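Before any comments, here is the structure.
The values are calculated or read from the model by the stated rules, or taken from the named source; none is laboratory data. This is a predicted model, so every value here is computed, not measured. Every residue, glycine among them, receives a Cβ derived from its backbone with ideal geometry; neighbour counts consider all protein chains shown. We work out accessible area using only protein heavy atoms, side chains counted, and drop any ligands, DNA or RNA first. Shrake-Rupley method; radii C 1.70, N 1.55, O 1.52, S 1.80 Å.
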Amino acid sequence: MISKHRNITRGLVAVLAIGAMMLTEAAAQSPERNSRDFELGKAIEILANIMREFESGHVEDVTAAELLDAASRGMTLATDPYSEYLSEEAMADFEMMTTGRYAGVGSLIRKKGDYILFAQPYKGAPSDEAGVEIGDKILAINGEDMKGRTASDISSRLRGEPETTVEVVIERNYDSAIDTLHITRRRISIPSVGYAGYVRDGIGYIQHGDFIEGSYNEVRSALEMLMASDTLRGLILDYRSNGGGVMQGAVDIASLFVPRGERIVSLMGRDSSSLHHFTTSHTPIAPDVPIVILVNGSSASASEILAGALQDKDRAVVMGQRTYGKGLVQGTRDVGYNSYLKYTTAKYYIPSGRCIQSRNYNEGGTSTIVPDSLISEFRTRAGRKVYDGGGIVPDVKIEPQYVSRFAVTLYAMGLMEDWADKYMRTHHTDKIDVRSFSITDEDYADFCRFIADKEIPYESETRQAIKALERAMERDRYNESLGEAIEQLKAQLKDDKLSNMQTYRSEIVDALNSDIVMRHAYNEGVQERIAATDEEVDRAIELILNAEEYQRILTSQDVEKR
């Protein structure tokens, strides 16, 4: 034990040496740099001393790696929620998030009971080609029993070097047969375009899920496919719940619709000396096609850059709900030993000059919403008023569709997926139309029976409010005079499980339909179904077909402040 502590302490001594060196070198710098370097060197020395004391003297054994991880989390939390320390192990997940690529079998997984199930084999991936179906249970991998294993453990075993083979023993969902599969891993590229097609004669639709390497090529290919198969009279770009990603993707995708050399976004760090402009570098292929961009409160970062830039240039009508408001840019820096720091280096500004960051982060990592008094007015190319400080406010606002917490709870518990697995055991040979498919009344009754004995940890907001009111009444001593009225209200409130199954039936049915469509036609089929049945898509179609209203919005309608 003593030798291990001595080995770890050598690393802390090295950190102390760096701090001492910075203190020494500070004397040769300018007064301001001298002061900053002195403070930094002092902080490094104090931090190393704290780590050394914990590592050598704490009552519980603690390693330098654990202390470093905790200290790094603390430092990043003191800045903003987007900065983080990425250890060597975390870098693999970060790479997949930014590139959409990894080496493995190509499937989402989920836990059910003691086992892990295949939740979504990607179309054309090794798992799909090997015949894996949604709901198949993983019994063993390379001869090892997988009962009781975590999803992360299974995931790490399924991933590996390209062209290596993994043996997976599965229990089939449809008939409980046991199969042994030998799946050859390969590089998996997760598509960022979920679906592209025509939703009305001449009206194209592209659902873009995230900005990763290759997103521009995918969106361009989807657009070229639409233009080759019909006369494209209008285009709907669906960026709802697109959380962003690689910023350059937004610049490149914008170049499909605006001339080469157009400024799309500018980055600036602490001062104007760091200002850098990003302009389109491709020749547009659809410079005149009317565009409606769908956004919501989960559209962020690169998706906001694209929507905001096209709004500023009066090139597209933005429709939906105010976006998230992430105007901060992160960069990564190698900090040694295959570890990286991801931290905020700049803010971005779209063509009108506005930054759509909706929160200010203060010392200690606390945040406040940008107040109305600090919101500034800007102008689009046509002179329309737009504003900073609160995400992208749509040109056409649509109230968000309500999704009950009860339905979300059922889905989060995996009950909808479990019932869909059960449904497919007797319906897996069915042929369905993904746009019109729906379960029957008897199917829904079967789902109600399926969850009848399940404990659902749900309480309506109304009942929570009544309980809070009862506590307040008791403190204020109103419970005797108003108690009877409250009891009558509670008697009239129907929020038990069976009542909720009828109250929220339509959204539960919609979620079940999507789960079953997924099993027949992958995620692409689900996105096609959404495009064909979604009310906001219908509103976008109506606007594109109303050329006069579309042009009025782009030429004269100011955007609201919030």
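Are any residues in the range 505-538 open to solvent by 30 Å² or more (accessible area, probe 1.4 Å), closer than 24 Å to residue 397 by Cβ and either basic (Lys, Arg) or in contact with a helix residue (DSSP H, G or I) (Cβ under 9 Å, 6 or more places away or on another chain) (or both), and if so, which ones?
507, 510, 530, 533
Could you look through the range 298-313, keep only residues that are closer than 10 Å to residue 244 by Cα and assigned to a loop (DSSP other than H, G, I, E, B), and pick out the one that is most open to solvent (accessible area, probe 1.4 Å)?
Among those that are closer than 10 Å to residue 244 by Cα and assigned to a loop (DSSP other than H, G, I, E, B), it is 298.
Residue 123 passes all but one of (1) open to solvent by less than 30 Å² (accessible area, probe 1.4 Å); (2) at pLDDT 85 or above; which number fails?
Residue 123 satisfies all of (1) open to solvent by less than 30 Å² (accessible area, probe 1.4 Å); (2) at pLDDT 85 or above except (1).
Quick one: residue 134 ticks every box in (1) among the β-branched types (Val, Ile, Thr); (2) more than 23 Å from residue 427 (Cβ to Cβ); (3) within 30 Å of the chain's Cα centre (by Cα) bar one, so which box is it?
(2)
Would you confirm, using the coordinates I've provided, whether residue 486 is β-branched (Val, Ile, Thr), under 30 Å from residue 294 (Cβ atoms) and either open to solvent by less than 60 Å² (accessible area, probe 1.4 Å) or modelled with pLDDT under 90 (or both)?
Against the criterion (β-branched (Val, Ile, Thr), under 30 Å from residue 294 (Cβ atoms) and either open to solvent by less than 60 Å² (accessible area, probe 1.4 Å) or modelled with pLDDT under 90 (or both)), residue 486 does not qualify.
For the range 438-467, which residues satisfy the criterion of being exposed (fewer than 12 other Cβ atoms within 10 Å of the Cβ) and in a loop (DSSP other than H, G, I, E, B)?
Within the range 438-467, 440, 452, 453, 454, 455, 457 meet the criteria.
What do you reckon, is residue 63 touching a Lys or Arg at 6+ places or on another chain (Cβ under 7 Å) and either at pLDDT below 50 or not hydrophobic (A, V, I, L, M, F, W, C) (or both)?
No: the conditions fail for residue 63.
Go through (1) closer than 23 Å to residue 133 by Cβ; (2) touching a strand residue (DSSP E or B) at 6+ places or on another chain (Cβ under 8 Å) and name the single condition residue 191 misses.
So the condition that residue 191 fails would be (2).
If you scan the range 391-417, which residues turn out to be over 30 Å from residue 322 (Cβ atoms), outside any loop (DSSP other than H, G, I, E, B) and open to solvent by less than 20 Å² (accessible area, probe 1.4 Å)?
415
Condition check: in contact with a His (Cβ under 9 Å, 6 or more places away or on another chain) and free of Cβ contacts under 8 Å to residues at least 60 places away in the same chain. Does residue 129 satisfy that?
No; evaluated as a whole, the condition is false for this residue.
Which one of these is assigned to a loop (DSSP other than H, G, I, E, B), among the acidic types (Asp, Glu) and more than 20 Å from residue 379 (Cα to Cα): 288, 252?
288
Quick check on the range 327-347. Is at least one of its residues part of a loop (DSSP other than H, G, I, E, B), within 26 Å of residue 237 (Cβ to Cβ) and at pLDDT below 95?
Yes, the conditions are met somewhere in the range 327-347.
Here are 43, 103: which of them is part of a strand (DSSP E or B), open to solvent by less than 60 Å² (accessible area, probe 1.4 Å), at negative phi and of a type in the set (A, V, I, L, M, F, W, C)?
103
Output the number of residues of the range 140-155 satisfying the condition of being open to solvent by 70 Å² or more (accessible area, probe 1.4 Å) and either hydroxyl-bearing (Ser, Thr, Tyr) or more than 20 Å from residue 114 (Cβ to Cβ) (or both).
2
Restrict the check to the range 541-559 and report whether at least one residue is open to solvent by 80 Å² or more (accessible area, probe 1.4 Å), modelled with pLDDT under 95, in a helix (DSSP H, G or I) and of a type in the set (Lys, Arg).
no
Report whether or not residue 476 is open to solvent by 60 Å² or more (accessible area, probe 1.4 Å), at pLDDT 95 or above and over 33 Å from the mean Cα position of the chain (by Cα).
no
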